Amino acid sequence: MKVSITVNGKKQESDVEPRTLLVHYIRETLGLTGTNVGCDTSSCGACTIHLDGEAVKSCTILAVQADGTSLTTIEGLAKDGVMHPMQTAFMENHGLQCGYCTPGMVMAAIGLLKENPKPTEDEVRMGLEGNLCRCTGYHNIVKSVLAAAGAK
Amino acid sequence: MIPAAFEYKRATSAAEAISLVSQYGSDAKFLAGGHSLLPLMKLRLAQPAMLIDIGRVKDLSYIKDAGSHLAIGALTRHMDVETSKVVHEHAPLLAKAASHVGDSQVRHRGTIGGSIAHADPASDLPATTLALGATYIVQGPKGQREIAASNFYKGFLESDLAADEMLVEIRVPKMQGAGWSFQKFNRRAQDWAIVGVAAWHRKGEAGVALVNMGSTPILATSVANAIAKGASISDAAALASNEADPQSDLNASSDYRKHLASVLVRRALEAASK
């Protein structure tokens, strides 16, 4: 089935099987491998991207469902070589250890601040409940998100 | 994990969706947000031959104040229920329960109608709408009919919906002056409830429903009847499992669930009667 999806500002036309998951479309059809597959069961959040501006888990969406929408992946955040403030905050606050959950964490965190620009620490922890860090590096992740909220 | 192959059609209206499902029969499934169905398909526990995508039926996403009740379109997403001012004002228990579904990414996609039609006894919204005495409006080839939530759930993931019917609206009575509480006991954030309780209480009246305490969401009628007869909250809560038949699994034994249900019903009614 033909789908037309805008990804990081660029319109992409592709022919996909209906059963193609959005995360596989992003990683394999488009070659954007920054979005990770973690649990593959919509629990861990590693595959989080933005669909029409909202954080969603791309392992539990079909590519055909995203036809006509606009996606942002981790690759779409930096502008002209300058990192998104959330990426900078993660770097400056040591918000990552192994880095596997990081793209999903960053996308979820940007989504969180869009809906709640000045969250408390508790609200950050609750707001990121859908993202798991196997390094258990939550403390610095939360610190990063709070720093990004303050930096705005 | 990749689902088994299927055909895919996109409907733009409820009528078109029903006409499509009438052609394909029980091999077809409706796809709304997909956050219950797609995980099952990825595990190949569900292998529908045809998916009818109703996610773009825009006129089924709404929350309306209809006087005595709220009318909520079946395709309204959990996040919209959770953040709706109208729901907060007239059915705060439902807003709270919606905020407990999955996590924010899931709530951006999952729909209230999808959760109810999926009829998972471990889901939060079937039990919550049951406690609130909701009515579900379903549409089929011959038009619409109303089903009381208390008559809707027939077995594990089974409902009164016929293969060619689609849930289109949820009507939730306004509970003027009622206190409420949603209790969810789980071991991880974002997880399903090991046991959950949705309850409201108002001067000698109560509605209580249980999450994950049997093969369907359970209306705890013994508790409500005891409250109506003037029983104390703790005496009424002791009857929490009268209608339930909880299973044992890795998380909890049946007896543990029954104990937990009594504790959570007591907490819920205490909070709701403050």
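Numbers at a glance
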read-out	value
Number of positions in region B:77-117 that are within 14 Å of another protein chain (Cβ to nearest Cβ), outside any loop (DSSP other than H, G, I, E, B) and not hydroxyl-bearing (Ser, Thr, Tyr)	12
Residue in region A:95-102 that is in the same structural domain as residue A:136 (by TED's automatic domain parsing) and outside any loop (DSSP other than H, G, I, E, B) present	yes
Residue list for region B:109-125, restricted to those being over 13 Å from residue B:160 (Cα atoms) and either surrounded by 24 or more Cβ atoms within 10 Å (Cβ to Cβ) or not assigned by TED's automatic domain parsing to the domain that holds residue B:165 (or both)	B:109, B:110, B:111, B:112, B:113, B:114, B:115, B:121, B:123, B:124, B:125
Those strands (runs of 3 or more DSSP E) lying entirely in region A:1-86 with at least 3 residues touching an Asp or Glu at 6+ places or on another chain (Cβ under 9 Å), farther than 14 Å from residue B:1 by Cα and more than 9 Å from every other protein chain (Cβ to nearest Cβ)	A:2-7
Residue within region A:38-59 that is of a type in the set (Asp, Glu) and at pLDDT below 95 present	yes
Selection from region B:132-146 of residues that are surrounded by fewer than 18 Cβ atoms within 10 Å (Cβ to Cβ) and either touching a Phe, Trp or Tyr at 6+ places or on another chain (Cβ under 8 Å) or among the polar types (S, T, N, Q) (or both)	B:144, B:146
Residue list for region B:35-54, restricted to those being touching a residue at least 40 places away in the same chain (Cβ under 8 Å), within 22 Å of residue B:165 (Cβ to Cβ) and of a type outside the set (Asp, Glu)	B:35, B:36, B:37, B:47, B:48, B:49, B:50, B:51, B:52, B:54
Checklist (1) buried (at least 16 other Cβ atoms within 10 Å of the Cβ); (2) over 16 Å from residue B:180 (Cα atoms); (3) at pLDDT 95 or above applied to residue B:251, failing item	(3)
Residue match in region B:61-68 (condition: at the interface with chain A (Cβ under 9 Å from one of its Cβ atoms), in contact with an Asp or Glu (Cβ under 9 Å, 6 or more places away or on another chain), in contact (Cβ under 8 Å) with a residue 12 or more places away in the chain and surrounded by fewer than 20 Cβ atoms within 10 Å (Cβ to Cβ))	no
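The values are calculated or read from the model by the stated rules, or taken from the named source; none is laboratory data. Quantities reported herein were computed from a predicted structural model and do not represent experimental measurements. Methodologically, a virtual Cβ is constructed for each residue, glycine included, from the backbone with ideal geometry; neighbour enumeration extends over all protein chains shown.
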